[in-house]
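J.: Pasting a structure here, questions to come.
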There are 2 protein chains.
Amino acid sequence: MCSLPVPREPLRRVAVTGGTHGNEMSGVYLARHWLHAPAELQRASFSAVPVLANPAATSSCRRYVDHDLNRTFTSSFLKLTETVKIGVPHSRLHSSRPTPDDPYEVTRARELNQLLGPKASGRAFDFVLDLHNTTANMGTCLIAKSSHEVFAMHLCRHLQLQYPELSCQVFLYQRSGEESYNLDSVAKNGLGLELGPQPQGVLRADIFSRMRTLVATVLDFIELFNQGTAFPAFEMEAYRPVGVVDFPRTEAGNLAGTVHPQLQDRDFQPLQPGAPIFQMFSGEDLLYEGESTVYPVFINEAAYYEKGVAFVQTEKFTFTVPAMPALTPAPSPAS
Amino acid sequence: MCSLPVPREPLRRVAVTGGTHGNEMSGVYLARHWLHAPAELQRASFSAVPVLANPAATSSCRRYVDHDLNRTFTSSFLKLTETVKIGVPHSRLHSSRPTPDDPYEVTRARELNQLLGPKASGRAFDFVLDLHNTTANMGTCLIAKSSHEVFAMHLCRHLQLQYPELSCQVFLYQRSGEESYNLDSVAKNGLGLELGPQPQGVLRADIFSRMRTLVATVLDFIELFNQGTAFPAFEMEAYRPVGVVDFPRTEAGNLAGTVHPQLQDRDFQPLQPGAPIFQMFSGEDLLYEGESTVYPVFINEAAYYEKGVAFVQTEKFTFTVPAMPALTPAPSPAS
């Protein structure tokens with residue numbers, strides 16, 4: 001397994017982004033709070049920057065205005081030139097000039113790419129932590145790009161060890177050959193926190209507190225790393241997508257049934273072939289006809305109805321995360 | 001206590017309305033289903049008409065487009081003339097001509113008033129059942145205008161007796177001197193079903209099934225009445241609003257805290273003076289400073305953030321509902 005290099009210098013440029021989806025309220029209100037009281041994001045070796053990622057969507061309490069911001073950080077939306085991909089120095093990167101016709105989130109993604117990136121450049125932020133909620137019963141879910149993200153995997157492990165009672169699950173979203181598209185992908189390292197269940201537009205104190213605690217522990221972990229802590233290799237269990245399943249629909253595209261009570265709220269639990277997955281309005285059950293056990297996630301997530309996703313099928317797999325050695329102290333001027 | 005007259009003829013013009021709020025999915029999908037399969041709403045003495053109340057809001061999965069439809073059925077929005085109030089025959093009622101500047105929901109309210117009303121006229125529908133969901137933990141809540149609605153109170157009693165396991169609570173929303181404003185107020189008799197918790201934009205099978213069962217039982221009750229069943233007097237316990245409490249807010253109007261974990265999800269449970277109601281982002285608790293016990297409802301309802309309502313304070317009270325005599329058979333032509 002090819003792994004990305006681990007950071008060889010302290011992570012000093014760190015951001016915590018909330019309101020990437022404007023109706024996921026834990027991150028919205030944490031970001032707003034920290035913009036007025038940033039001391040909570042300060043550590044000895046760095047201060048994390050709070051960012052309200054999608055102010056317009058947040059103002060109207062919608063997921064997005066024109067386009068899902070967290071799907072917009074690709075080269076085509078950011079209009080990075082091809083030079084990005086072939087290793088030409090980042091000083092030659094440029095973004096196209098904005099036009100009034102650009103969807104709001106495309107413009108905003110470019111702004112965030114300027115602020116926190118540019119993506120895939122040596123100038124990008126060292127770490128972005130992006131805060132999300134889901135209406136699904138996902139509990140505490142840690143979302144990273146892939147198992148190759150060694151720093152993020154050690155961070156996930158740290159959170160799992162710190163909070164065994166939260167049963168933090170690791171979801172690796174990037175499918176083979178797919179370009180990364182989400183906000184934290186603009187930074188050199190990133191992680192998404194996905195806490196649920198919480199309705200859109202509702203701020204629950206329990207989930208707000210849990211997110212706040214997790215953010216503090218993420219920053220503590222970065223501080224540990226910056227201070228020279230080494231982290232040994234370990235075995236990680238994670239989930240990765242293998243497909244999506246849409247709702248049963250009428251010819252007009254309306255729902256013809258919904259998630260079966262025996263599947264509802266069972267995110268990360270095994271779904272066996274033959275088990276019911278949908279209850280039709282006509283009364284009958286639809287069964288899972290796959291050939292192997294899958295682990296559904298984002299079951300009945302409100303935002304995914306329009307995407308044609310009743311749940312995401314994942315497979316569970318295990319892999320070895322290599323050790324992350326302690327930072328080498330910078331050579332003293334005399335040496 | 002002055003009670004409205006009970007119906008003296010069978011209820012034949014009955015409607016079931018869903019999607020009055022376009023992101024409350026149980027009613028949206030029940031209405032859509034029944035529009036294609038209306039037989040479920042048929043009884044021996046009548047057929048209930050399914051109505052998708054707010055098609056535009058439903059299409060975009062929002063509560064409303066321009067204005068909360070379920071606050072729009074007042075004389076000023078419907079532009080009924082003053083003659084309504086002084087008892088001039090309904091033939092002299094008229095609605096103003098629509099203009100393109102009218103908010104969508106005002107236009108739609110007038111259409112629904114034409115279809116199901118006109119409000120306060122002898123031509124109005126006999127009964128409208130309006131279907132809602134809430135993000136609050138309201139369980140099964142039956143919403144009527146006031147204790148004076150004798151037919152609706154007997155219906156509530158019937159539902160309570162049929163489904164003791166649902167602990168159906170009765171909420172009487174109309175405050176003293178306040179004009180009725182909601183959709184079912186256009187009919188001669190009406191009731192709202194408010195089932196929760198369910199996130200906006202999510203269709204949970206359990207709540208969908210519960211609502212469908214309750215609707216069937218409402219229609220069965222109307223059928224019982226139409227067939228000549230008498231209903232004895234009884235004592236009813238219900239909740240009525242005595243005030244609303246907003247979230248703690250910053251000077252800019254943003255939240256400064258949210259509903260306390262000890263209050264969250266405890267709709268219809270007594271709140272004692274001195275109990276915590278909000279948890280501030282600064283960490284401190286805000287306590288309930290009222291002088292008497294209240295029963296909060298709509299606790300942390302997503303749609304009420306913009307209305308400045310963190311919860312509605314109610315008081316519990318008991319009253320006698322008079323007997324509802326059996327319909328007198330129509331005199332035969334020979335008598």
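J.: When residues of segment A:216-248 are filtered for being among the small types (G, A, S), surrounded by fewer than 16 Cβ atoms within 10 Å (Cβ to Cβ) and outside any helix (DSSP H, G or I), how many remain?
T.: Qualifying residue count, segment A:216-248: 4.
J.: Give B:S176, B:S167, B:S185 a once-over and let me know the one that is surrounded by fewer than 20 Cβ atoms within 10 Å (Cβ to Cβ) and out of contact with any helix residue (DSSP H, G or I) (no Cβ under 9 Å at 6 or more places or on another chain).
T.: One residue alone meets the criteria, B:S176.
Table: residues versus (1) away from every other protein chain (no Cβ under 14 Å); (2) over 30 Å from A:S76 (Cβ atoms); (3) within 16 Å of the chain's Cα centre (by Cα).
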| position | (1), (2), (3) |
| --- | --- |
| A:T217 | yes, yes, no |
| A:T229 | yes, yes, no |
| A:F234 | yes, yes, no |
| A:A238 | yes, no, yes |
| A:P248 | no, yes, no |
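J.: Search segment B:282-321 for residues being of a type in the set (V, I, T) and in a loop (DSSP other than H, G, I, E, B), and hand back the single one that is nearest to B:P199 (Cα to Cα).
T.: Top of the filtered list is B:I299.
J.: Among residues belonging to segment A:20-49 that are outside any helix (DSSP H, G or I) and under 20 Å from B:Q279 (Cβ atoms), point out the one that is nearest to the other protein chains (Cβ to nearest Cβ).
T.: My answer is A:A37.
The rows are residues; the columns are (1) within 14 Å of A:P103 (Cα to Cα); (2) touching a Ser or Thr at 6+ places or on another chain (Cβ under 7 Å).
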{"residue": "A:A37", "(1), (2)": "no, no"}
{"residue": "A:L41", "(1), (2)": "no, yes"}
{"residue": "A:L69", "(1), (2)": "yes, yes"}
{"residue": "A:T74", "(1), (2)": "no, no"}
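J.: Output the residues belonging to segment B:150-198 that are over 14 Å from the mean Cα position of the chain (by Cα), closer than 24 Å to B:D265 by Cα and not in a helix (DSSP H, G or I).
T.: B:Y163, B:S167, B:P197, B:Q198, listed by residue number.
Conditions (1) buried (at least 16 other Cβ atoms within 10 Å of the Cβ); (2) hydrophobic (A, V, I, L, M, F, W, C), marked per residue:
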| site | (1), (2) |
| --- | --- |
| B:V14 | yes, yes |
| B:T17 | yes, no |
| B:R43 | yes, no |
| B:P50 | yes, no |
| B:D66 | no, no |
| B:L69 | yes, yes |
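J.: Considering only residues that are polar (S, T, N, Q) and more than 19 Å from the chain's Cα centre (by Cα), look in segment A:299-324 and name the one that is farthest from the other protein chains (Cβ to nearest Cβ).
T.: Per the criteria, the residue is A:T320.
J.: All but one of (1) open to solvent by less than 10 Å² (accessible area, probe 1.4 Å); (2) within 9 Å of chain B (Cβ to nearest Cβ) hold for A:P296; which doesn't?
T.: (2)
J.: Which of the residues that make up segment A:154-173 are under 23 Å from A:P296 (Cβ atoms) and either of a type in the set (K, R) or touching a residue at least 12 places away in the same chain (Cβ under 8 Å) (or both)?
T.: A:C156, A:L159, A:L166, A:S167, A:C168, A:Q169, A:V170, A:F171, A:L172, A:Y173 - these are the residues of segment A:154-173 that are under 23 Å from A:P296 (Cβ atoms) and either of a type in the set (K, R) or touching a residue at least 12 places away in the same chain (Cβ under 8 Å) (or both).
J.: Please specify each residue of segment B:103-123 satisfying the condition of being in contact (Cβ under 8 Å) with a residue 40 or more places away in the chain and of a type in the set (D, E, K, R).
T.: B:E105, B:R108, B:K119
J.: B:Q279 fails exactly one of the following numbered conditions: (1) open to solvent by 10 Å² or more (accessible area, probe 1.4 Å); (2) assigned to a strand (DSSP E or B); (3) more than 16 Å from A:A205 (Cβ to Cβ). What is the number of that condition?
T.: (3)
The values are calculated or read from the model by the stated rules, or taken from the named source; none is laboratory data. Note that the structure is predicted; figures quoted are calculated from it, not measured. Using ideal geometry, Cβ is built from the backbone for each residue, glycine included, and neighbour counts are taken over all protein chains shown. The protein model used for the area step is the full one, side chains on, heavy atoms only, and it has no ligands, DNA or RNA in it. Shrake-Rupley method; radii C 1.70, N 1.55, O 1.52, S 1.80 Å.
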